[in-house]
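Okay, so here's the structure we're looking at.
Read the figures in this text as sums done on the coordinates, not as results from a lab. This is a predicted model, so every value here is computed, not measured. Here Cβ is always computed from backbone atoms with ideal geometry, including for glycine, and neighbour counts include all displayed protein chains.
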Ligand SMILES: O=C(O)CCC(=O)C(=O)O
Ligand SMILES: [Fe+2]
């Protein structure tokens, strides 16, 4: 993966910018901050801006970029939350979350989902009691199968950004991408055809929704219709191609755990199995460390997480996650205003 290690001078510069922004905005999700994010982002050190801009425009392999060296004050961030529902009024990691937003703004627009983590833009990823064996980011004892983030959805992100706040047990994020030379032209042709379907993953299902009751009537109605949409996509997923874009260097859309066996299309099933085997053979693990910011090209690289034993003692692994799209406009029909980043 491409890596940039922040220098002491760059960190000093970044911290000065973050304290200024944090004085103006008490949440990294403040709509005014989100709309100004790229203006602030342009004040990040030029080497950082160039690094992320190259990642975005050159699309050089492998489609993973890591910015490390930022220091996290373990005392200041407090204990790992027990659930994403329990957010304090002002986050103890406000500056770090703002940095995630500013880095993200150099790649595109941040987006969220009404059906995921209560419409938040900055997600918490940590083990949740009771989710140990689920196929969710908040599971622990179960392998989180590698996937394209929100593979089922046409408006899924271009980039997934994750910032590590804590990872005492060195739990590994897995990442991988196909070795195209190992796949036959015929297999690639089949994977380019709309013969596959992907169900919404667990994180979008109604059973994992927030129990917030202080919503207004119209918000309740909107949420209801969002879940109806998800239920329809779950019951009857559209046929899609797993590969798209350039045949020599295709983009990928895949989430094996949530894809049905293709009983009536053996040829497509075999092509899919070959791609899965190919990605599996190239999968690798990386234990993110506090202060690591990883950016994954969601069109080219899949990711997941190895199983682990959660501590539930306040010091569990804790990441912050954000979805970034190159073009928020394309989802305008399913957002409440041109500036709203939440897809319903
Ligand atoms: O925990 C990780 O490293 C990845 C989590 C993930 O893939 C997800 O929550 O979608
Ligand atoms: Fe994921």
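Structure above, values below:
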| quantity | calculated |
| --- | --- |
| Cα gyration tensor, region 121-222 - rounded (a/c under 1.5), prolate or oblate | oblate |
| Contact order relative to length of the chain, as percent, for alpha carbon pairs under 8 angstrom and 6 or more apart | 31 |
| Distance (nanometres) between label positions extended 7 Å along Cα→Cβ at residue 193 and residue 76 | 5.7 |
| On Cα atoms only, tilt of 8-24 relative to the major axis of the chain in degrees | 80 |
| Relative packing of peptides 254-260, 265-271, 300-306 - highest average C-beta neighbours within 10 Å first | 300-306, 254-260, 265-271 |
| Relative contact order for region 226-344, counting Cα pairs under 8 Å that sit 6 or more residues apart, in percent | 17 |
| Gain on full stretching of the segment that runs from residue 47 to residue 260 - 0.36 nm per residue minus C-alpha separation | 72.2 nm |
| Expected 222 nm ellipticity per residue - DSSP helices of 4 or more, -39500 (n - 2.57), all of the chain, to 500 | -9000 deg cm²/dmol |
| Rounded to 10°, Cα long-axis angle of helix 266-281 versus longest principal axis of the chain | 40 |
| Distance between region 91-160 and region 222-257 - C-alpha centres, whole angstrom | 17 |
| The chain - convex hull of the alpha-carbon atoms, volume per residue in Å³ | 133 |
| Cα long-axis angle, helix 31-41 against the chain (0 to 90 degrees, to the nearest 10) | 90 |
| Geometric extent, Cα atoms of region 203-327 - Rg, Dmax (angstrom) | 18.8, 51 |
| Shape of region 9-71, Cα gyration tensor, a/c cut at 1.5 | prolate |
| Relative exposure of 169, 30, judged by other C-beta atoms within 10 Å (fewest first) | 169, 30 |
| Difference of contour (0.36 nm per residue) and Cα-Cα distance, residue 23 to residue 326 | 106.3 nm |
| Contour minus Cα-Cα distance for residue 283 and residue 219 (0.36 nm per residue) | 18.9 nm |
| Region 17-146: relative contact order as a whole-number percent, Cα under 8 Å and 6+ apart | 28 |
